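Participant: First the structure, then my questions, so here it is.
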Amino acid sequence: MSLHQRILSEVEGRILSGEWPPGYRIPFEHELTDQYGCSRMTVNKALSELVKRGLIERRRKSGSYVSFPQVQSAVMEIHDVKREVQALGLDYAYRLDERKLRKMNAADAGRIDLPAASRLLDITCRHFAGGRVFCLEERLINLIAVPEAETESFDTVAPGSWLLGKVPWSTAEHRIKAVAASRQAAQALGIATGAPCLVIERRTWSGGAPVTSVRLTYPGDRHELIAEFAPSAAG
């Protein structure tokens, strides 16, 4: 674990445990620099990531504070695709298309926050519902965080299901967008190139260390997102 990941993990742990409650002022950057014996840039990188995750907020000339929860929000859970299919009353099937061990490259930088040349497991697979392709899964797994994944074949178990049972996650980020199917995705999904698709990109961390990044591509006419929420007390 790099020093900035260690700082990230320890600060995140204090927040998630409740040791540092909402409104608590995080030690100033120069205080953390002295505490960890590192550069201010290292501390700033760790705190900036916590700001992106919504765990802390920065106030001009005042410092950084643990964020208060949003009064109203729609929470996205991490779902197991197999359970999604079974909830529809359809038969589920899984197929591994490609599994390869490789080093991180420039194209991965926007998907998973790891140093250059870090070792990854790159998996492409498909999930089926009632005999039709339900979604295409493209996943990167950080082998530093999950070394046992290197020896798992994933021939019969989907990586998402396997990770949920193996690695506790502390933070997740979802990005949801509508796209036109690329030629490669269209071929995998059995749809026309350019057909509308729903893409969910998710990254998860455990104790500040990146665990996995996954891109799930669904045919646009076969998936919907539902979020349940209630009005705030203010009405």
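The values are calculated or read from the model by the stated rules, or taken from the named source; none is laboratory data. Computed from a predicted structure; not experimentally measured. Reconstructed Cβ throughout: ideal geometry from the backbone, glycine too, with neighbour counts over all protein chains shown. Protein only, heavy atoms only, side chains kept; ligands, DNA and RNA dropped before computing areas. Shrake-Rupley method; radii C 1.70, N 1.55, O 1.52, S 1.80 Å.
Participant: Given Ala87, Ala149, Ala93, which one is touching a helix residue (DSSP H, G or I) at 6+ places or on another chain (Cβ under 8 Å) and either open to solvent by less than 80 Å² (accessible area, probe 1.4 Å) or on the phi < 0 side of the Ramachandran plot (or both)? I'd like the intermediate steps shown before the answer.
Facilitator: Numbers: Ala87 fails: touching a helix residue (DSSP H, G or I) at 6+ places or on another chain (Cβ under 8 Å); Ala93 fails: touching a helix residue (DSSP H, G or I) at 6+ places or on another chain (Cβ under 8 Å).
Going through Ala87, Ala149, Ala93 in turn, the sole match is Ala149.
Participant: Continuing with this model, one more query. For the stretch 132-143, does any single residue satisfy the condition of being under 24 Å from Ser213 (Cβ atoms) and modelled with pLDDT under 85? Steps first, answer last, please.
Facilitator: So the first thing to find is which residues in the stretch 132-143 are under 24 Å from Ser213 (Cβ atoms), and the list is 133-143.
Okay, now just the ones that are also modelled with pLDDT under 85, so none.
No - not one qualifying residue is present in the stretch 132-143.
Participant: Let me ask something else about it. Could you please give the count of residues in the stretch 10-64 that are within 22 Å of Leu114 (Cβ to Cβ), open to solvent by 30 Å² or more (accessible area, probe 1.4 Å) and among the acidic types (Asp, Glu)?
Facilitator: 1
Participant: Something else now. For the stretch 112-128, enumerate the residues that are open to solvent by 50 Å² or more (accessible area, probe 1.4 Å) and within 29 Å of Leu189 (Cα to Cα). Steps first, please.
Facilitator: First, pick out the residues of the stretch 112-128 that are open to solvent by 50 Å² or more (accessible area, probe 1.4 Å): 113, 115-117, 119.
Listed by number, the residues that qualify are Asp113, Arg119.
Participant: Checking the condition closer than 19 Å to Pro210 by Cα, of a type in the set (Ser, Thr, Tyr) and in contact (Cβ under 8 Å) with a residue 12 or more places away in the chain, which residue from Ser161, Ser153 passes?
Facilitator: None of the other options fit; the residue is Ser161.
Participant: Just the residues that are open to solvent by 60 Å² or more (accessible area, probe 1.4 Å), touching a helix residue (DSSP H, G or I) at 6+ places or on another chain (Cβ under 8 Å) and among the aliphatic types (A, V, I, L, M), please, taken from the stretch 159-193.
Facilitator: If the condition is that a residue be open to solvent by 60 Å² or more (accessible area, probe 1.4 Å), touching a helix residue (DSSP H, G or I) at 6+ places or on another chain (Cβ under 8 Å) and among the aliphatic types (A, V, I, L, M), then Ala178, Ala192 are the ones that fit.
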